[in-house]
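What follows is a single structure, written as C-alpha cells, with notes after it.
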Amino acid sequence: MAGLRQIPTYLRDMQEEIEAHARAFGLDFFPILYEVLDYKTMNEIAAYGGFPTRYPHWRFGMDYEQLAKSYEWGMSKIYEMVINTVPAYAYLLEGNSLVDQKTVMAHVCAHVDFFKHNYFFSKTNRKMIDTMANHAARVRRHMARHGQDAVENFIDTCLSIENLIDPMSQFIVRQRDAAAVDPDERDEDVPRLRAKQYMDKFINPPEYLDAQRKKRDDEKKQKKKFPEEPQRDVLRFLIDHAPLEVWQRDCLEIVRDEAYYFVPQAMTKIMNEGWATYWHSKIMTEKAASSAEIIDYADAAAGILATAPGRLNPYKLGVELYRNIEDRWNRGQFGKEWAECDSMDQKRNWDRRTGLGKKKLFEVRKLYNDITFIDEFFTLEFCVEQKFYSFGFSERSGNWEIMSREFKKVKDQLLRGLTNRGQPFIHVVDGNHENRSELLLRHAHEGVDLDLSQAKDTLRNLYKVWTRPVSILTKLEGKGKLLRCEGDNLTEKSADYPG
Amino acid sequence: MSQRIDLDHGRFRQIIRGKIKQHLRKYISQGEMIARKGNDKVAIPLPSVDIPHFKFGDKQSGGVGQGEGQPGDPLGQGKDGKPGAGEAGDRPGEHLTDIEVSLQELAEIMSEELALPRILPKGTEKIVSLKDKYTGIRSTGPESLRHFRRTFKQALRRQISTSTYDPKNPVIVPIRDDKRYRSWKTLPEPQANAVIIYMMDVSGSMGDEQKEIVRIESFWIDTWLRSQYHGIESRYIIHDAMAKEVDRDTFFKTRESGGTMISSAYKLCAKMIEDEYPPDLWNIYPFHFSDGDNWSVDDTVTCVELLKTKILPFVNLFAYGQVESPYGSGQFIKDLGEHFDEDERVVTSEIKGKDAIMDSIKDFLGKGK
C-alpha cells in the first residue's frame, strides 16, 4: 500500500459515532485505521490473508483468481476485513451502501475488542504487518540469489507441512530444571543407605539394587531417544534437525512464524465472528441505524446469518450462543441448582433476575476459545432450539445426508471438527528411526482416517526436507499402516499401531 | 495501477500452463476436456496444483449443520458440491480440479507443444467491415435514440436540486437540457474469413470409437484455426453413398448403414465453395475423415478428378484423415498418396487410435497453411 489514504469525512464522522456507541456498550479496542478499497484491491488483500505486504507466491494468485471469479459471478462479496495489529487496519469496500459501512464499522469494533482481550490472542505479534514485510524482503533476497523456481518450490514444500505445529505451545512455559539434568554423570552407582557391613545385605537388598540399576539403565536408554518426547511442532523439529541450507531454514522459519500467527484466528473463528455479529446487531438496532436504514440493515443481516444445508455458519452459531448465554445469566440459569433441576417446565420459566448476562459475556470473550466455548455452553436446549444436526457421507445412498439430531452426537461431531482446528494430530516420534536417521511420524488416530493420496504427497514433501526416508504410522480402515517415502519410492505396509 | 497480485496471479497461470502442456497428449487423446465448453473458454480438469497436507479423508469426517430435515435426508449439493466424486486412493496425487482456460491460451499452449507454425492467410488484404455499437450516452442526438430512463432521471435530479419536485405530486417534466441520447461508436469488425468444411464418412464401418476420434480432432483443429483467424465458420457434411449438409450435433451422431461414395461429399464440398466461399475472400479448409473404404475404383477416380479441378485450386489445405477401423480396407489414403504425393496442398494422415490424434493434428497443421 502506498501510504494510507484518508477516508472521506462522512466516513470519519460515521466512525466516530459508531465507536462512541461501542465504547458506551463497554467495548474496548485498539485505534482503528480504515481504508476504502475497490473490489479488485479488496480481493487482492484478501488473497494475501489481509496483509498487502506478503512474500510472492503463486498460491496467493490462485486464491485471488477464485475470489475474483466468485465476486464477478455475484456469488460472494467481501464486505470487510480487519487485521489484528496495533493500530488495527480495517478495509471497507468502495461502493457499499452507508448502512453496510456502518454495520461493518460496528462489526470491526467488536473484532478489535476481541483481538485485544481474548486470551488466545495475547501472544500474537501486533506488528505483524512489518514482520510480514520483512519476511517478504527475505524471500525476495533468497529468490534473487537462488532463483525464483528453487525458492518457490521449497516454499511449496514448507506450506505442505505448515499445519504440523503445536497451537498451544505459545502458552506453555517450558523450563528445564538445570540441576536435574544428567544424573548419570553425577554418580556411578545407585544410591545406597548407610549400613554396617554385616547389615548391608538387609538394608540395601541386592534385588532392590538390581531393580534400581535396571530402572536407571532404562531411563538412560529413554534419554537417547530422539526426540525424548513425541514432538508436535514438527516444523520446529525440522528447523532444528533437518539438513537444510541456510536459506531453506529461513524459508521454513518464515512459514512457521506465519502459521503460528494465524492460529488464534482459527481457534476462535466462531467466537470472534459471533462476538462481532452480536455487537453490530446491538449497535445498529439499538443506536446507529435510522428508521430509513433498518430494512436494508435487516436484509444484510439476514444474509450474514443464513444457513445452508451441510454448512456451519460460524456467525450464526456464535451470535446465537452469545445471546443464549446472556439470557441464561440474566435469568440465573446456571449453577448447581440449575444443573440438578430436571423439570423441563420449571426450567422453562426459570428466572432469578440475576442480571449477570453482560458481565458473563465479557468474561466469556476473554477466557474461551471455540472448543471450550462449545464444550461449556452448547447445551441440549440450545441444540434443539437451533435445530442442529450432524451429517455425514452415507455409503449406502452415495449422498451426504443428515445423520442424527441426538444432542450428544451433534456435540461430539461439532467438537471433533474443532479439535486441533479440524486437523489430524501428528507427532515426530523418532528422528533416528531404525537407527538409520530416518524420520518417523505418528498420526494419533481418533476415529477418522487420513486422506491417503494427500498424505502420500505430503510425505514426499517431507522427504525433500529431511532428505532421508520418512514414514508415518497411521490407521486406515481400522488397520495399522506404515507409509514410507524414500525418494520416488512410496511404500505402504501393515504395521502395529499401538494404543 | 499494476498490482502486486498480478505477479502472483501471472505466476499461477504460468504453472497452470505448464501443467496443461505436460498433460497435453493425455487431454488430446482422452477428449475429456471438451465436455464443458463455453463460448471462448474451456474448463480443464487438471491434477490439482493445490498444496497437499496431512488432513482428514472426506467421507469419514462429516460435520454439523443447522436447519430442517430428518435423519436420512440427503443434503443435496453436499459439502463440496460433488457427492460421490473422486474415489479414494485411486490415483495417488491426482486430485482433479477444473481450471478455466481461454481457447486462445489453449491454442498457444498447443502451438508451443506441437511446434505449429503460424498460418499466413491468403491474400494480404484483411477483410474488415464496419459496425456501429452503442457505447454511451450524450446530450444531443436524434429523438429516435432518446434514452427514456436517463432523460427522466436527469429531469428528476434537476427538479430535486431546484426544489421544484413535490413528492406528493410527483410530476416530472423533462426540458430540453434533460434529454439524453444513446451514442455510438463505429468499430471495425473483422469478418469471418476462414471456413472449415468437415466431411465425414458415416457408413456402417465407422463406429462410435472412430467418430469419437474425429470429434476430438475436430475440436483441436477448430481451436487452432480459430486462434489464427479473426472469425471462422464451420460447415459439416456427412456422407455414405449420398452426401448432405448437417449441423454439428447431427454430424457426430448420425450413423448410416449404406455404402460409401466419397465423391458425393466432394461434389457437395465443391459446390459449397463455388456458391458461398469465393476463394479470393476466404481461406478454405476442407477436412475429410473416413475409414478409407470407397465403393469402387471408378468413384475414387472421380474423387481425384474433383479434387484436382474443383477443390484444390481454391483451398489453403485439403486434409484427409483416415481413421483405422476393423472393417475398412484403408485403400483410399494410398490412392490419394499416389495422385497427390507432390501436391503440397494435400495432407493425409493415418489415425490409428486416440493416442495418434496428437501426431495427426501435427501432420495437418504443421505446414503453416
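The values are calculated or read from the model by the stated rules, or taken from the named source; none is laboratory data. As the structure is a computational prediction, the values presented were derived from the model and not from experiment. Please note: Cβ atoms are built from the backbone with ideal geometry, for glycine as well, and neighbour counts cover all protein chains shown.
Taken over the range A:186-215, the criterion of being modelled with pLDDT under 80 and either assigned by TED's automatic domain parsing to the domain that holds residue A:430 or surrounded by 14 or more Cβ atoms within 10 Å (Cβ to Cβ) (or both) is satisfied by A:190 alone. For the range A:297-337, the tally of residues that are in a helix (DSSP H, G or I), over 22 Å from the mean Cα position of the chain (by Cα) and among the aliphatic types (A, V, I, L, M) stands at 6. Looking at the range A:309-357, which of the residues that are at positive phi and either of a type outside the set (Lys, Arg) or buried (at least 16 other Cβ atoms within 10 Å of the Cβ) (or both) is farthest from the other protein chains (Cβ to nearest Cβ)? Per the stated criteria, the residue is A:355. Within the range B:9-39, the residues that satisfy the criterion of being at pLDDT below 70 and more than 22 Å from residue B:356 (Cα to Cα) are B:36, B:37, B:38, B:39. For the range A:366-383, check the following and say yes or no: at least one residue is within 17 Å of residue B:70 (Cβ to Cβ), crowded, with 19+ Cβ neighbours inside 10 Å and touching a residue at least 24 places away in the same chain (Cβ under 8 Å). Yes, there is a match, as at least one residue in the range A:366-383 is within 17 Å of residue B:70 (Cβ to Cβ), crowded, with 19+ Cβ neighbours inside 10 Å and touching a residue at least 24 places away in the same chain (Cβ under 8 Å).
I'm trying to understand the selection: among the residues of the range A:461-480, which are more than 18 Å from residue A:230 (Cβ to Cβ) and more than 8 Å from chain B (Cβ to nearest Cβ)?
Of all residues in the range A:461-480, those more than 18 Å from residue A:230 (Cβ to Cβ) come to A:461, A:463-465, A:467-469, A:476-479.
Selection gives A:463, A:464, A:465, A:467, A:468, A:469, A:476, A:477, A:478, A:479.
State whether one or more residues within the range A:105-120 are surrounded by 21 or more Cβ atoms within 10 Å (Cβ to Cβ) and closer than 19 Å to residue A:71 by Cβ. Among the residues of the range A:105-120, not one is surrounded by 21 or more Cβ atoms within 10 Å (Cβ to Cβ) and closer than 19 Å to residue A:71 by Cβ, which makes the answer no. For the range A:402-428, a residue qualifies if it is crowded, with 19+ Cβ neighbours inside 10 Å and more than 7 Å from chain B (Cβ to nearest Cβ), and the qualifying residues are A:411, A:416, A:418, A:420, A:427, A:428. With respect to (1) closer than 30 Å to residue B:131 by Cβ; (2) in the same structural domain as residue B:317 (by TED's automatic domain parsing); (3) in contact with a strand residue (DSSP E or B) (Cβ under 9 Å, 6 or more places away or on another chain); (4) in contact (Cβ under 8 Å) with a residue 12 or more places away in the chain, the lone exception for residue B:238 is condition (1).
All conditions but one from (1) crowded, with 16+ Cβ neighbours inside 10 Å; (2) more than 21 Å from the chain's Cα centre (by Cα); (3) at pLDDT 85 or above apply to residue A:399; the one that does not is (3). Every test in (1) modelled with pLDDT under 85; (2) more than 7 Å from chain A (Cβ to nearest Cβ) is passed by residue B:6 save one, and that test is (1).
Being over 27 Å from residue A:115 (Cβ atoms) and in contact (Cβ under 8 Å) with a residue 24 or more places away in the chain: is that true of residue A:220 here? Even if it seems obvious, please write down each step before you answer.
Working: over 27 Å from residue A:115 (Cβ atoms): yes; in contact (Cβ under 8 Å) with a residue 24 or more places away in the chain: yes.
Answer is yes for this residue.
Within the range A:438-451, the set of residues being at the interface with chain B (Cβ under 8 Å from one of its Cβ atoms) and in contact with a Leu (Cβ under 7 Å, 6 or more places away or on another chain) comprises A:443, A:449. Any residue in the range B:49-56 that is modelled with pLDDT under 75, within 26 Å of residue A:155 (Cα to Cα) and acidic (Asp, Glu)? No, the conditions are met nowhere in the range B:49-56.
A Cβ distance below 6 Å, combined with a sequence gap of six or more or placement on separate chains, defines the contacts here; from the range B:331-345, residues that are over 20 Å from residue B:314 (Cα atoms) reach residues that are of a type in the set (Ser, Thr, Tyr) in the pairs B:333/B:348; B:335/B:300. Considering the conditions (1) at pLDDT below 85; (2) under 21 Å from residue B:221 (Cα atoms), residue B:350 is excluded by exactly one of them, (1). Where strands (runs of 3 or more DSSP E) sit wholly within the range B:250-369, those with at least 2 residues that are surrounded by fewer than 21 Cβ atoms within 10 Å (Cβ to Cβ) and within 25 Å of the chain's Cα centre (by Cα) occupy B:346-351. Got at least one residue in the range A:274-293 being in contact with a helix residue (DSSP H, G or I) (Cβ under 8 Å, 6 or more places away or on another chain), closer than 25 Å to residue A:414 by Cα, within 14 Å of chain B (Cβ to nearest Cβ) and buried (at least 16 other Cβ atoms within 10 Å of the Cβ)? Within the range A:274-293 (the criterion being in contact with a helix residue (DSSP H, G or I) (Cβ under 8 Å, 6 or more places away or on another chain), closer than 25 Å to residue A:414 by Cα, within 14 Å of chain B (Cβ to nearest Cβ) and buried (at least 16 other Cβ atoms within 10 Å of the Cβ)), the answer is yes, since at least one residue qualifies. The set of residues in the range A:150-170 being of a type in the set (Ser, Thr, Tyr) and within 12 Å of chain B (Cβ to nearest Cβ) consists of A:157, A:160. Residues in the range A:1-26 that are assigned to a loop (DSSP other than H, G, I, E, B), free of Cβ contacts under 8 Å to residues at least 24 places away in the same chain and either touching a Leu at 6+ places or on another chain (Cβ under 7 Å) or away from every other protein chain (no Cβ under 14 Å) (or both): 1 in all.
Just to be sure, is residue B:186 in a strand (DSSP E or B) and within 29 Å of the chain's Cα centre (by Cα)? So residue B:186 passes the test.
If you go through the range B:305-325 and keep only what is touching a Ser or Thr at 6+ places or on another chain (Cβ under 8 Å) and either under 23 Å from residue B:28 (Cβ atoms) or of a type outside the set (A, V, I, L, M) (or both), you end up with B:319, B:320, B:321, B:322, B:323, B:325. Contact map, the range A:61-76: first residue more than 12 Å from chain B (Cβ to nearest Cβ), second residue small (Gly, Ala, Ser) and not in a helix (DSSP H, G or I), Cβ cut-off under 9 Å, separation 6 or more or different chains; pairs are A:70/A:76.
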